[in-house]
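Remarks on the structure that follows.
Any read-out appearing in this document is the output of simple, stated calculations on the displayed coordinates, not a laboratory observation. These numbers come from a predicted model, not from an experiment. Positions of Cβ are backbone-derived with ideal geometry, glycine not excepted, and every protein chain shown enters the neighbour counts.
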Amino acid sequence: MNGIPLLSIMTWAPFVSAIIIMFCARHRPLLVRLTALAGASVSLVASLIVYVAYDKTMAGFQFHEQLALVPSLGINYLLAIDGMSALLALLTSIIIFAGVFASWTVKERGQEFYALLLLLVTGVYGVFVSLDLFVFFLFYEIAVLPMYLLIGIWGSSGFVKPQGIFGKAMGRTGVGTKEYAAMKLTLYLLFGSAFILVGILALYAEAGSHSFSIIALQQVQFDPTVQKWVFLAFYIGFGILAGIWPLHTWSPDGHASAPTAVSMLHAGVLMKLGAYGVVRLGMGMLPDGMAYWAFLVGTIACINIVYGALSAMAQTDLKYVIAYSSVSHMGVVMLGAATMNVVGLNGAVFQMFAHGIMTGLFFALVGLVYEKAHSRAIFSMGGFGTMMPGIATAFTIAGLSSLGLPATAGFIAEFMTFLGAWSSAHPWWLFPGVIGAFLTAVYVLRVTKQIFWSTQSPDPHFAHLPDAQGPEWAALGILTATLVIFGVAPWIAVGTIDTATTPLIATLPKVAGASLGLLR
Amino acid sequence: MMANSGALALIAWLLPIFSFLVLAIVFPFRRLGRPAAWFSTLCAAGAFASAVLAWRIQSVAAHPVHLVWPWLPTAGKTIADVGVLVDAQSTIMLCLVSLVAFLVQFYSVGYLHDEPAPALGRYYAYQSLFAFSMMGLALAPNLLQLFMCWELVGLCSYLLIGFWYQRPSAARAAVKAFWITKAGDVGMLVGIVMLYRLAGTFDITELHSMAASNALPLAGLSIITFCLYLGAMGKSAQFPFHVWLPDAMEGPTPVSALIHAATMVTAGVYLLVRTDWLFALTPNVLLIVAWIGAFTALLAAVLACVQDDIKRVLAYSTVSQLGYMMTAIGAGVASAGFLHLLTHGLFKALLFLGAGAVIHAVGSNDLPNMGGLARRMPQTALVFIIGTLSLAGIPIFGGYVSKEEILGAVWGAHLTGPFLLLMLVAGLTAFYMFRVVFLAFFGTPARVAAVAHAGAGHTTPPRVAHAALHNEAVVEGAHVNETPHAHEPPATMLLPLWVLAVGTMVVGVMSTFHLGGFAAAEAAGETAPGWLTPTAVGVALAGIALAWATYQMRAVNPESLANAFGPIRSAALRKFWIDDIFEGIYSFVLLGFSRIVGWIDRYLVDGVLNLLSDWTVQAGDELRGIQTGKPQDYVYGIGAGVLVLILLMRLVF
Amino acid sequence: MGLEPYLFLSATVFCIGLFGVMTRRNTIGILLGIELMMNAVNINLVAFARYTAMAAGFVFTVFTICITVTEAALGLAIVILLFRVRRTVMADHLDLLKG
């Protein structure tokens, strides 16, 4: 392991394959897919090796790689990984690996699609592994920007009827079209990036040590007022990507319009970038800021959970249901972070992973259903369980994980988050959390029953639908298996997460009213 | 020796999951149907054998065996384990579960012989998963594992109720069952989480010793036990969460026997039995448990009297008996509740499987379509009557002693109100069960025409489901016409019936005459006054007599009996509007509220954003007029700018 | 003579040029106005160079003259091209940049 720059290999493999796709695989669709698959496989293998080889007894950041980029400003290409980012990198690998299979049938401009997708993934990996704020931000933008093209070109438009007091404005902005969704998503996320950039520069200037290194900045004791405002900037900036209420509205439109693999990647991984940013930069470097804003973060997370679940229940478009469920589940992540204790934060990170896999699976399935039935209208479909048992089973498992059924990853995440919430300074956070879990059961099973486990829809269009085929099985199989394995054997993830979260929580100020049993 | 019982319990627990994994992963094998069924049944038999061995060892062992593996590490320590806690209570529960699971799987081979092979494989996969989860629940060493298995049995219940998902009623019943039990489970989850903060552990043994040494803070404990009880209410169908259980009868009858009568629904009772020392610290909650239990028992018994569907009668009777068990726990004598749980598990499984045999033969669930079946299927009739007598609490039959124990316990705890309710229920139970017996097995055979008509009703035996499945014309009529020729079920179905009947009788005889382990159990119930047993048996006999007079001798006109209880009857036919209330909460409160939130999100929260973006675009539209394209205008602009700058420098700086 | 008359002359020429730029509708007229303003600058530069006895002013003047020449050449070329395309050199009609 020593000497092999595994993290760089993992990060740049998709980029290299994107370049190969653009220059060497023109008009050869199969070659495009195989190259993409090769890139994703290299990353998957590298992240698996990193995950397994990560030394849990030693904890802390491992697999360091360093290269000076702009020495005069203290900008370094500094990569390293800890338990939390190792798991999230693994998540990224699994999702992109499955995503390559899930978008096997993309017809139009295949090579550009795959190239952009892989470029985006490079950005995601880069965010998870880089410890230099400058490079971090660079990768962050790489991860965000290709989304505009991916949704704008390969997306699908829906229809939203403008009404209400803002109806006029909505009519003019073109709600529902893919161009609208792409623009909304990009503008929203860039708006967030501005906050993040301000925060990063503020920290750089405040520390005065001419270093962008997260580790170096963690040692600096920032002034509480600075911490307060910079944390808020990070919270808003990253929070937009994590879908915090009320800045979440890009997410349903964006996810609903995006093509399958992009929805998978975006809801599955990119939203986690936001949460990861809040935890890594916000919590890690600004403990007092975190303590100051914890109540706000947790309360908004509670709103997210319940509000997202209720909104999901109201949707009639399958993709919107899943998109809103992401808003609800990201609330669980933020709630876990706001608890400021180890159990809650473990729950939050585990939820990032669990929700990533689950929502990836969901979007893959919705894509498959759409591809076969050419419909996303929930209440026009029915009884698909007989025709597509594989898709139906996978959807049910994803749904069960979503509602937090034991033996799926979702349960572990929610349970630990709830445990953390009840032990935090604001125990009432537990109740919105469990209410959200119940509401999830209602909307998920309602949808599952309507589409799959009910009488056959009389619509002749739905008379003979095929099940998943060929490469699609690979996507479903990998994601479903991951969901169940991590639910049955949570220690393989929690043990690793724990090595990252325990020291992180130790730096936070002690909170009045919290249970000391879990705080350490 | 000790390790042996732990290992045996583990084997019993893991055999079904092995079978499930094989069936789930090796899907070509699952799709074979029958071989998969026999494989699963074999595993269940193995599980039963090792469960019995574990029980034999553990019933004489001095200490429970605690075998755990770390499962959920956090903050450098393990906050939850998985494993088995093998003691007398859990092993006997294990025996009951594995026995009924095995018999039901065996029985299903005959009952579902018309099922297409892939569906049969699916059924057995679910069955195996259920057996695993239920045994895990029984053996759980900590509340977290208990909760997880608790949810998993709920999942299996959902899957098996919705087994014939093409029927709208089954799909709806499955979801309804899941939602209502989930509502209770949410309460239980809250309770467990709260308890962890209070006690710092999930482990039942540790919690027990803490409770025993008064190390548990009492502040807030009532809320915790009430939350745990909420979970038990959902699972064990206590008022007002009982509404899902009758609807759950949409599943195949063997499933009803296993899950919705003998095992899963008793999980709530088992939870309370397992943690009775915790509830003992909160007498106010116990009082609630007792009153709700007694009220549930009465409510369900009344509802059972007006049902025409044989499975629904049994379902309400299950709810009623669960109320009995809960009342006993509420009275503080959990052992009586647990004893009734065990005997009830046997005879209710027997009754359901018997009903399954009847439905199989008649092709309908409806009592009016039956009649005179005792001559056609004497063996079924005999075992069904054994089950009925047990349920009615007649001496030497299975349910007699456990019922007396409960009544004695409730009387002993000075809960006069619940006691009177339970006495009333005892009479009602005997009445409605013998109503079923007389209507189904005696009297005149049903008219063929009426039967053919009922075939299109809401309840459907397996073969009708197939017909619907294959979009054929419902071939029910052809089968139902054979009703007069209804025959004994095949051996695969009869054998489990006899096993359960014999089991019920053995338990009944042994307990009535205080033989074997029951001598010790009896010692606990000595507080009961002497008049109690004759009264209870008398009430039961009166119920039987009334049913006999009404439905057999026709001495009492059923119509006039019904009219005598007119308002109650009509209310009971509407299920006391409780289902409607839940329906209303779902469609108006939940969905209505969600629509409001959805609208707000789309048109207000997102609307504000759209307004901002629209304003930006409009402002740009307005401002671009400045760019005239004329060079002179730009020069004026520059001049004005310079002027402003000069003024600023003069005035401000 | 002192510095003031030169500066006065330069300012006058600059104002004439500015006036031309502002009032002329013909693009060539505007260009000529700009040339005048440039020359005003040149006068200034030369006057100051003489006044302070530093060569830098002369050097700059030479630069400016060069630039003025190229500018005039480029400007006229653009005007001619514009005329070819739009058949007009009136600035009012050349408002392609109008928002």
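Which residue out of B:S364, B:S402, B:S390 is buried (at least 24 other Cβ atoms within 10 Å of the Cβ), in contact with a His (Cβ under 8 Å, 6 or more places away or on another chain) and of a type outside the set (K, R)? Even if it seems obvious, please write down each step before you answer.
Numbers: B:S364 fails: in contact with a His (Cβ under 8 Å, 6 or more places away or on another chain); B:S390 fails: in contact with a His (Cβ under 8 Å, 6 or more places away or on another chain).
Testing whether each residue is buried (at least 24 other Cβ atoms within 10 Å of the Cβ), in contact with a His (Cβ under 8 Å, 6 or more places away or on another chain) and of a type outside the set (K, R) leaves just B:S402.
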Within the stretch B:621-635, restricting to residues that are within 8 Å of chain C (Cβ to nearest Cβ) and surrounded by 12 or more Cβ atoms within 10 Å (Cβ to Cβ), the one that is nearest to the chain's Cα centre (by Cα) is B:Q627
Does the stretch C:8-15 contain at least one residue that is closer than 30 Å to B:K630 by Cβ, within 14 Å of chain B (Cβ to nearest Cβ) and either in a helix (DSSP H, G or I) or under 20 Å from the mean Cα position of the chain (by Cα) (or both)?
yes
Checking the structure you have, find out if any residue of the stretch A:383-404 is more than 10 Å from chain B (Cβ to nearest Cβ) and either more than 17 Å from A:T448 (Cα to Cα) or basic (K, R) (or both).
no
In the stretch A:313-323, residues that are within 8 Å of chain B (Cβ to nearest Cβ) and part of a helix (DSSP H, G or I) total 2
Expected single match for closer than 30 Å to B:K182 by Cβ and at the interface with chain A (Cβ under 8 Å from one of its Cβ atoms) among B:W577, B:W599 is B:W599
The helices (runs of 4 or more DSSP H) lying wholly within the stretch A:95-197 that contain at least 1 residues that are touching a residue at least 40 places away in the same chain (Cβ under 8 Å) are A:110-129, A:133-144, A:146-154
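Considering only residues that are part of a loop (DSSP other than H, G, I, E, B) and at the interface with another protein chain (Cβ under 7 Å from one of its Cβ atoms), look in the stretch B:161-181 and name the one that is farthest from the chain's Cα centre (by Cα).
So in the stretch B:161-181, the residues part of a loop (DSSP other than H, G, I, E, B) come out as B:165-167.
After this cut, where a residue has to be at the interface with another protein chain (Cβ under 7 Å from one of its Cβ atoms) as well, the list is B:165-166.
Numbers: B:Y165: 19, B:Q166: 22 Å.
Of everything passing the filter in the stretch B:161-181, B:Q166 is farthest from the chain's Cα centre (by Cα).
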Scanning the stretch B:303-322 residue by residue, those under 13 Å from B:F431 (Cβ atoms) and among the small types (G, A, S) turn out to be B:A304, B:S317, B:S320
Turns out the helices (runs of 4 or more DSSP H) fully within the stretch B:182-283 with at least 2 residues that are within 14 Å of chain A (Cβ to nearest Cβ) and buried (at least 24 other Cβ atoms within 10 Å of the Cβ) are B:221-235
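Look at B:Y158 and say whether it is surrounded by 24 or more Cβ atoms within 10 Å (Cβ to Cβ), more than 18 Å from the chain's Cα centre (by Cα) and of a type in the set (S, T, Y).
Details: surrounded by 24 or more Cβ atoms within 10 Å (Cβ to Cβ): yes; more than 18 Å from the chain's Cα centre (by Cα): no; of a type in the set (S, T, Y): yes.
When the stated conditions are applied, B:Y158 does not pass them.
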Of the conditions (1) within 21 Å of A:A441 (Cα to Cα); (2) more than 16 Å from the chain's Cα centre (by Cα), the single one that A:V343 does not satisfy is (1)
Practice prompt. Would you mind stating whether C:V79 is within 14 Å of chain B (Cβ to nearest Cβ), aliphatic (A, V, I, L, M), in contact (Cβ under 8 Å) with a residue 12 or more places away in the chain and not in a loop (DSSP other than H, G, I, E, B)?
Written response: yes
Of the residues in the stretch A:295-313, those that are of a type outside the set (V, I, T) and surrounded by fewer than 23 Cβ atoms within 10 Å (Cβ to Cβ) number 2
Kindly check whether there is at least one residue in the stretch C:25-39 that is touching a helix residue (DSSP H, G or I) at 6+ places or on another chain (Cβ under 8 Å) and not in a helix (DSSP H, G or I).
yes
Among the residues of the stretch B:548-576, the number that are in contact with a Ser or Thr (Cβ under 9 Å, 6 or more places away or on another chain) and not in a helix (DSSP H, G or I) is 2
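What do you reckon, is C:V41 more than 11 Å from chain B (Cβ to nearest Cβ), of a type in the set (V, I, T) and more than 13 Å from the chain's Cα centre (by Cα)?
Values: more than 11 Å from chain B (Cβ to nearest Cβ): yes; of a type in the set (V, I, T): yes; more than 13 Å from the chain's Cα centre (by Cα): no.
So C:V41 does not fit the description; no.
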If we keep only residues of the stretch B:295-326 that are of a type in the set (D, E, K, R) and assigned to a helix (DSSP H, G or I), then the residue nearest to B:K348 (Cα to Cα) is B:K311
Pairs returned, first residue in the stretch B:633-644 that is without any contact (Cβ under 8 Å) to a residue 60 or more places away in the chain, second residue that is in a helix (DSSP H, G or I) and not aromatic (F, W, Y), beta-carbon separation under 7 angstrom, 6 or more apart or interchain, are B:V635/C:V21; B:V635/C:M22
B:V313: passes all of (1) surrounded by fewer than 24 Cβ atoms within 10 Å (Cβ to Cβ); (2) out of contact with any strand residue (DSSP E or B) (no Cβ under 8 Å at 6 or more places or on another chain) but (1)
Going by the structure shown, is A:A261 away from every other protein chain (no Cβ under 14 Å), hydrophobic (A, V, I, L, M, F, W, C), closer than 25 Å to A:I200 by Cα and assigned to a helix (DSSP H, G or I)? no
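Only one residue in B:I359, B:I385 is free of Cβ contacts under 8 Å to residues at least 60 places away in the same chain and either in contact with a Lys or Arg (Cβ under 6 Å, 6 or more places away or on another chain) or closer than 16 Å to B:L439 by Cα (or both). Which one?
Working: B:I359 fails: free of Cβ contacts under 8 Å to residues at least 60 places away in the same chain.
Sole residue among the options that is free of Cβ contacts under 8 Å to residues at least 60 places away in the same chain and either in contact with a Lys or Arg (Cβ under 6 Å, 6 or more places away or on another chain) or closer than 16 Å to B:L439 by Cα (or both): B:I385.
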Within the stretch A:432-444, residues being buried (at least 23 other Cβ atoms within 10 Å of the Cβ), farther than 17 Å from A:M334 by Cα and facing chain B (nearest Cβ under 7 Å) number 2
